[in-house]
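The values are calculated or read from the model by the stated rules, or taken from the named source; none is laboratory data. The structure displayed is predicted, hence computed values, not measured ones. Counting neighbours? That spans all protein chains shown, and the Cβs are built from the backbone with ideal geometry, glycine included.
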Amino acid sequence: MRMKRILSVFRIDTINGIRDKMVIYILVAPIIFSFFFRIIAPDFQSLSLLFVTLRDQRTTLESLEKFGSVELASSEAELKERVGRSDDSVAIYKEGESFNLFLQGNESEEIEEVAKIILAGLQSDNMRYLNFKESDQGRFVAPVTVFGFTFVVIISFVLGGMVIGFNIIEEKESGAMRALMVTPIKKSELILGRSILGIIIPLIQTFLAVLILDLPTMDYLKLIIVTIFSSVIGIVVGFLIGVISSSQMSGIANMKISGWLLLMPVILGFILPERLQFIFFWSPTYWSFAVLKDIVNHSINWSSFTIQILWICLTTAILFLLMMSRIKKGLQTYLN
Amino acid sequence: MIQVSDLYYSYRKDKGFAVNGISFEVNEGEIFGFLGPNGAGKSTTQKILAGLLPVQKGKIRVMDVDVSATTPDFYNKIGVSFENPNLYLKLTGIENLEYFASMYDVPTEDPVHLLDMVGLKDVAKRRAGEYSKGMQQRLVFARSLINKPKVWFLDEPVSGLDPSTSAAIKELIKEKRKEGTTIFLTTHNMHIADELCDRVAFIVSGEISLIDSPRNLKLQHGKKLVEIEYRANGSLKRDSLSLVQNADRQKLNSLLDHEVIETIHSKEATLEEIFIKVTGEELEK
Ligand SMILES: Nc1ncnc2c1ncn2[C@@H]1O[C@H](COP(=O)(O)OP(=O)(O)O)[C@@H](O)[C@H]1O
Ligand SMILES: [Mg+2]
């Protein structure tokens, strides 16, 4: 195994990609999606929130003050009476170990949404959620933004694989592969070098999505880890498409099919209720989606994170084993 | 340097052989040519020798390495030039060479020097996709020299090139032989075989019909010939006749006696004529 050759393959694939219009379109797509989701996301910042809490709950008061103005009530009865008035006020108070949310029922959807997110933040042990820096004051991640972010990150895995697939197809079509096969490069070096792009592209696009969607601070280490592990399925599918497609045209057709297979669990996972989600347990992108969602919502600890990552690995491994014979067969003709 | 015995190859699971039981040896430092028409099995043989196609049946040793079990080090020592240009079309000429140079564990040639040798220095920074077919072919040729190979495989090295480029490439091949490179070369052009090869094998339909040096072949088969053009029944006819074979001599005499002769000149037998005589096939179909 020689690092020189691995990096060389990576370098050339990158240059080849940059000079390919199709690849450029592929790489720009997630950025456009990010802007789209940024635009359609409701701007919670513009909401003027009015909270009511109990006078003796100092910590609750301090937490809520970060998000809007807070009125104090002496008793639960007064609190409920206050919420019942005509303005959109929301009561949040602590009862024993847990927090209660009290709504009148006629608040705007956005306010209700925000109230629930804050409640979730207070309730989870993850106090980081409430420790926003000054600049992050009063910032909430709307569900559409969470969806947009996970969607963009997951298409970046698929697109990273597509770039790999396109490079392979082109090498096959030009016959350059054959020339490479009479050099000392090993198959493993070629595969590794070629895979780097499938990891780098999602990492860059995830980073851009965070910037464009203007997401508040989150656990970047977990985000990077889940991005790297999730890229593997994109790489595997990219290699499969590359070796089974005889031309760019059939490559595009195969990419459409596999792209939808990988994205469907994400889209439906958002829509379907929790109890039906088991039907996507086979899909690595479903598990990536689940982790990403929780990372954005600041509601995942290391142990459940690790378990979800193991799920990603397991499902990727299973799908890889299923595809392996096709890939091997394809590689043979690809090499000849 | 190369030993091949009883080599068969079929693209279609034993239905018809592209290579049909050939055996030959290439000595160190010689240019060994495979001469035969299109579809004879030349490229297939080269691909098997270079390890690009599996050895289905037969034994091949190149530099004492069994080709069915090659190691990366084997590829450090061989160079392969292909019949059809197979380049990274979005990379420039120089990038193509640099990329391949980075694959080797042995000292490599300077890409600029190689491009200069094949007359592509001026277009080094243009993409290979913008090159003409001839330029692409020269780049593929140059690429095959990047690792200073000990054994060099050339598939139709000058076919489709203009005469002056072709002459330059031929000079390069001769130079490499002087440096001691062993060269396996395929061609359907008898002039190439005649000019470059120390020994040639005639190959048709996957079978070798003879192996010898062009000089020996011409000594053995190259009886004096006469090319004659004459008018018979109002139309112009053309014939080549041997000066030693009786039937031909009689025909020549009768032509001289009875027909109107337009042109007549004696001529050495060419490799192509010997090829036709031996194999019953023409080189250009
Ligand atoms: N990839 C292939 N699949 C099937 N048949 C092939 C393939 N390549 C070559 N052939 C056939 O094998 C025979 C030998 O071809 P080839 O070795 O390319 O001949 P040459 O190089 O002498 O022109 C031909 O009949 C050709 O049609
Ligand atoms: Mg050929």
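For residues that are within 13 Å of chain B (Cβ to nearest Cβ) and not acidic (Asp, Glu), tally how many sit in region A:170-210.
18
Can you find a residue that is surrounded by fewer than 20 Cβ atoms within 10 Å (Cβ to Cβ), within 11 Å of chain B (Cβ to nearest Cβ) and at pLDDT 90 or above anywhere in region A:29-41?
No, region A:29-41 has no match at all.
Restricting to region B:8-48, what's the tally of residues that are within 12 Å of ligand 1 (Cβ to nearest atom) and either under 19 Å from the mean Cα position of the chain (by Cα) or not hydroxyl-bearing (Ser, Thr, Tyr) (or both)?
Of the residues in region B:8-48, 24 are within 12 Å of ligand 1 (Cβ to nearest atom) and either under 19 Å from the mean Cα position of the chain (by Cα) or not hydroxyl-bearing (Ser, Thr, Tyr) (or both).
Out of curiosity, is residue A:163 touching a residue at least 12 places away in the same chain (Cβ under 8 Å), within 14 Å of chain B (Cβ to nearest Cβ) and among the aliphatic types (A, V, I, L, M)?
Against the criterion (touching a residue at least 12 places away in the same chain (Cβ under 8 Å), within 14 Å of chain B (Cβ to nearest Cβ) and among the aliphatic types (A, V, I, L, M)), residue A:163 qualifies.
Does region B:39-79 hold any residues that are surrounded by fewer than 18 Cβ atoms within 10 Å (Cβ to Cβ), on the phi < 0 side of the Ramachandran plot and away from chain A (no Cβ under 11 Å), and which are they?
Correct list: B:56, B:57, B:59, B:61, B:65, B:66, B:68, B:69.
Checking residue B:21 against (1) away from ligand 2 (no atom under 16 Å from the Cβ); (2) modelled with pLDDT of 95 or more; (3) part of a strand (DSSP E or B); (4) of a type outside the set (D, E, K, R), only one condition comes out false. Which one?
Unmet for residue B:21, out of (1) away from ligand 2 (no atom under 16 Å from the Cβ); (2) modelled with pLDDT of 95 or more; (3) part of a strand (DSSP E or B); (4) of a type outside the set (D, E, K, R): (2).
Out of the residues in region B:128-186 meeting the condition of being assigned to a helix (DSSP H, G or I) and among the polar types (S, T, N, Q), tell me which one is farthest from ligand 2 (Cβ to nearest atom).
Once the filter is applied, the top-ranked residue is B:164.
Here's a check for you: in region B:24-73, which residue that is under 17 Å from residue B:183 (Cα atoms) and hydroxyl-bearing (Ser, Thr, Tyr) is farthest from ligand 2 (Cβ to nearest atom)?
For region B:24-73, the residue satisfying everything is B:45.
Please work out if residue A:155 is within 14 Å of residue A:223 (Cα to Cα), within 15 Å of the chain's Cα centre (by Cα) and either within 14 Å of chain B (Cβ to nearest Cβ) or aliphatic (A, V, I, L, M) (or both). Explain how you work it out, then say what you get.
Values: within 14 Å of residue A:223 (Cα to Cα): no; within 15 Å of the chain's Cα centre (by Cα): yes; either within 14 Å of chain B (Cβ to nearest Cβ) or aliphatic (A, V, I, L, M) (or both): yes.
No, not satisfied.
Condition check: hydrophobic (A, V, I, L, M, F, W, C), in a helix (DSSP H, G or I), surrounded by 20 or more Cβ atoms within 10 Å (Cβ to Cβ) and modelled with pLDDT under 90. Does residue A:237 satisfy that?
It is false that residue A:237 is hydrophobic (A, V, I, L, M, F, W, C), in a helix (DSSP H, G or I), surrounded by 20 or more Cβ atoms within 10 Å (Cβ to Cβ) and modelled with pLDDT under 90.
Look through region B:122-141, keep the residues that are surrounded by 15 or more Cβ atoms within 10 Å (Cβ to Cβ) and among the basic types (Lys, Arg), and return whichever of them is farthest from the other protein chains (Cβ to nearest Cβ).
Ranking the candidates gives B:138 first.
So residue B:158 fits all but one of (1) at the interface with chain A (Cβ under 9 Å from one of its Cβ atoms); (2) out of contact with any strand residue (DSSP E or B) (no Cβ under 6 Å at 6 or more places or on another chain); (3) buried (at least 19 other Cβ atoms within 10 Å of the Cβ); what number is the exception?
Among (1) at the interface with chain A (Cβ under 9 Å from one of its Cβ atoms); (2) out of contact with any strand residue (DSSP E or B) (no Cβ under 6 Å at 6 or more places or on another chain); (3) buried (at least 19 other Cβ atoms within 10 Å of the Cβ), the lone unmet condition for residue B:158 is (1).
The rows are residues; the columns are (1) farther than 26 Å from residue A:122 by Cβ; (2) outside the structural domain of residue A:207 (by TED's automatic domain parsing); (3) surrounded by 14 or more Cβ atoms within 10 Å (Cβ to Cβ).
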site	(1), (2), (3)
A:276	yes, no, no
A:285	yes, no, yes
A:290	no, no, yes
A:296	no, no, yes
A:301	no, no, no
A:304	no, no, no
A:319	yes, no, yes
A:329	yes, no, no
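For residue B:250, work out the one condition from (1) farther than 30 Å from residue B:188 by Cα; (2) in contact (Cβ under 8 Å) with a residue 24 or more places away in the chain it doesn't fulfil.
(2)
Here is a yes/no grid of residues against (1) in contact with a helix residue (DSSP H, G or I) (Cβ under 8 Å, 6 or more places away or on another chain); (2) of a type in the set (Phe, Trp, Tyr); (3) at pLDDT 90 or above:
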{"residue": "A:229", "(1), (2), (3)": "yes, yes, yes"}
{"residue": "A:253", "(1), (2), (3)": "no, no, yes"}
{"residue": "A:266", "(1), (2), (3)": "yes, no, no"}
{"residue": "A:270", "(1), (2), (3)": "yes, yes, no"}
{"residue": "A:305", "(1), (2), (3)": "yes, yes, yes"}
